[in-house]
Amino acid sequence: MAIIPQLSLFAWEEIEELGDLERLRLVIAYMPDEQLMRVLEKERGKGRDDDPIRAMWNALLAGIVFQHDSDAKLLRELARNGQLRSLCGFNGKVPTPWAFSRFLHKVLMHQAEVEEMFDDLVRELKKIVPDFGKRLAIDSKAIKSYAANKNKNEKEDGRRDLDADYGKKVYRGTREDGTRWEKIVKWFGYKLHLIVDASYELPIMFSVTKASVPDINEAHHLLEKMEERQPEILKKAEILTGD
């Protein structure tokens, strides 16, 4: 898109000075999502196109850029923000909560295409920044479920979280006086496991598991995936681990 200015890589102050709409414009322009779009459009076929696939996908990206933590908040933003609707590709009509939820479910069924997009972005960064991936860090982050705890009713009807479970993470450190401290965090939900570039603080490999999956087990799994999908980075990397 010719109207997008060329920004210098990792000049974060330039990105921060842009508004949310301009940041979204950059994301839409550079996201390598054509293969996923074609797959989703082929699945839909030639029927009604009240909610165009590409507009729905751009709205999903908007939810991330605008940091909306629920579909409802994103749809309210679309309803009140005409510029956002236009940028996403909607012709005045906002998708219903049901339609957007169904679209998100379809996207989740194409994990392979989503991961390939992610890998493409990592490879492009490696081309632009020669030392990208030189120092890697491995760690995990707790993700709480919207559900407070495990429901005894395990009937799969879309109204309860049947995939989440309980997790515990222990943090340790040393105070200024030399004494040791320990903090235990417990939650019901999931874990986001990451391999990131420790210098640029950008992810290179990721996975989401139940909260109970041990970090060390999933770290080995991520390294195996990285050896398959990003071998040129792994071969030259120095690896650090979190607490």
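The values are calculated or read from the model by the stated rules, or taken from the named source; none is laboratory data. Predicted model, so just to flag it, every value in this text is computed and none were measured. As a convention, Cβ positions derive from the backbone with ideal geometry for all residues, glycine included, and neighbour counts pool all protein chains shown. Each accessible area value is taken on the protein alone, full model and side chains, heavy atoms only, with ligands, DNA and RNA left out. Shrake-Rupley method; radii C 1.70, N 1.55, O 1.52, S 1.80 Å.
What residues have an amide H closer than 5 Å to that of A198, excluding those fewer than 5 places away on the same chain, when H is modeled at 1.01 Å from N in the peptide plane? When sequence neighbours closer than 5 places are left aside, the close amide H contacts are R135, L136, A137.
Once fully extended, how much extra length lies between K186 and H105, figured as 0.36 nm per residue of separation less the alpha-carbon to alpha-carbon distance?
Once the chain is fully extended between K186 and H105, it gains 26.3 nm.
Restricting to the chain, what percent of DSSP beta bridges are antiparallel, rounded to 5? Of all bridge pairs located within the chain, approximately 85 percent are antiparallel.
Compared with the dominant principal axis of the Cα atoms in the chain, helix 34-44 is inclined by about 60°. Taking only the alpha carbons of region 129-208, we obtain Rg and Dmax values of 17.6, 54 Å in that order.
Placing pseudo-labels 7 Å out from each Cα toward the beta carbon at D50 and E176 gives an inter-label distance of 6.2 nm.
Between the amide H of A211 and those of D165, G189, Y190, K191, distances stay under 5 Å, these residues lying 5 or more places away or on another chain, with hydrogens modeled in the peptide plane.
Sorted by accessible area (1.4 Å probe), largest first, how do W181, W98, W187 line up?
Numbers: W181 90, W98 165, W187 15 Å².
My answer, sorted largest first, is W98, W181, W187.
Paramagnetic label reach from N91 (point 7 Å along Cα→Cβ; backbone nitrogen cut-off under 18 Å): within region 21-55, residues 45-55. One decimal place: the segment A79-R160 gains 26.4 nm when fully extended, by the rule 0.36 nm per residue minus the C-alpha distance. Straight Cα distances below 18 angstrom link K93 to the aspartates and glutamates D49, D50, D51, D71, E77, with same-chain residues fewer than 8 positions distant left out. Computed about the Cα centre, the dipole magnitude for region 84-183 is approximately 380 debye when only Lys and Arg (+1) and Asp and Glu (-1) carry charge, each at its Cβ. Beyond a 20 Å Cα-Cα separation, which of these cross-linked pairs lie in this structure: K144/K225; K106/K152; K127/K236? From K144/K225; K106/K152; K127/K236, over 20 Å: K144/K225; K106/K152. Treating each Cα of the chain as one equal point scatterer and applying the Debye formula with no solvent, the log10 of I(q)/I(0) at q = 0.10, 0.12, 0.17 Å⁻¹ comes out as -0.63, -0.91, -1.49. Subtracting the Cα-Cα distance of K210 and A142 from 0.36 nm times their residue separation leaves 23.5 nm of extension gain.
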